[in-house]
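All of the numbers you see were taken from the coordinates with simple rules; none came from a lab. Being a predicted model, the structure only gives us computed values, none of them experimental. A quick note on method: Cβ atoms are made from the backbone with ideal geometry, for glycine too, and the neighbour counts reach across all protein chains shown.
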Amino acid sequence: MVKKQVKLLAGGNPQIPKGEGDGPVQDYIAAMPGWKRAVGKRLDKLIEGAAPGVRKAVKWNSPFYGAKGGEGWFLNFHCFTRYVKVAFLRGDSLEPKPPGESKHEHVRYLDIHEDDDLDEKQFKDWVKQASKLPGEKM
């Protein structure tokens, strides 16, 4: 079976049909260009490890993660030209706060560039904290 070529949108973000579950998220990660694919795989693995049973979906061409059995979403990520942007949807409630500010009151960002050394311990701690907060309904 020949897999259909995925269209890349601005910044190399894969255009993946929306869908619930791990399948669409894995399709998105597989379509991430270049070094970003390894970042996507790593993020997905870290999120699963920090929030066992995490719910997954692709919405608006981005993978979303929600707490097991909960409503709403606590995190998503998106490809840009020079980095992968992780959005903690209630990041203003995390300690310490992720470094990137947002025009949205509660959102905080973590931008991951090609040669960045991701602090996995801190990332997993943020995911654990975020997964226990009320999710954002979308």
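Per-structure values
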{"read-out": "The stretch 80-110, residues that are exposed (fewer than 15 other Cβ atoms within 10 Å of the Cβ) and touching a Lys or Arg at 6+ places or on another chain (Cβ under 6 Å)", "value": "97, 106"}
{"read-out": "Residue in the stretch 112-131 that is part of a strand (DSSP E or B) and either out of contact with any helix residue (DSSP H, G or I) (no Cβ under 6 Å at 6 or more places or on another chain) or without any contact (Cβ under 8 Å) to a residue 24 or more places away in the chain (or both) present", "value": "yes"}
{"read-out": "Filtered residues of the stretch 14-54 (kept if more than 15 Å from residue 131 (Cα to Cα), touching a strand residue (DSSP E or B) at 6+ places or on another chain (Cβ under 8 Å), assigned to a helix (DSSP H, G or I) and not β-branched (Val, Ile, Thr))", "value": "22, 24, 27, 28, 31, 36, 40"}
{"read-out": "Sole exception among (1) surrounded by 12 or more Cβ atoms within 10 Å (Cβ to Cβ); (2) out of contact with any strand residue (DSSP E or B) (no Cβ under 9 Å at 6 or more places or on another chain); (3) in a loop (DSSP other than H, G, I, E, B) for residue 5, by number", "value": "(1)"}
{"read-out": "Some residue of the stretch 10-22 being of a type in the set (A, V, I, L, M, F, W, C) and surrounded by fewer than 20 Cβ atoms within 10 Å (Cβ to Cβ)", "value": "yes"}
{"read-out": "Strands (runs of 3 or more DSSP E) completely within the stretch 57-101 that count 2 or more residues being more than 23 Å from residue 114 (Cβ to Cβ) and in contact with a strand residue (DSSP E or B) (Cβ under 6 Å, 6 or more places away or on another chain)", "value": "62-66"}
{"read-out": "Unmet criterion (only one of (1) among the polar types (S, T, N, Q); (2) within 28 Å of residue 17 (Cβ to Cβ); (3) touching a helix residue (DSSP H, G or I) at 6+ places or on another chain (Cβ under 8 Å)) for residue 93", "value": "(2)"}
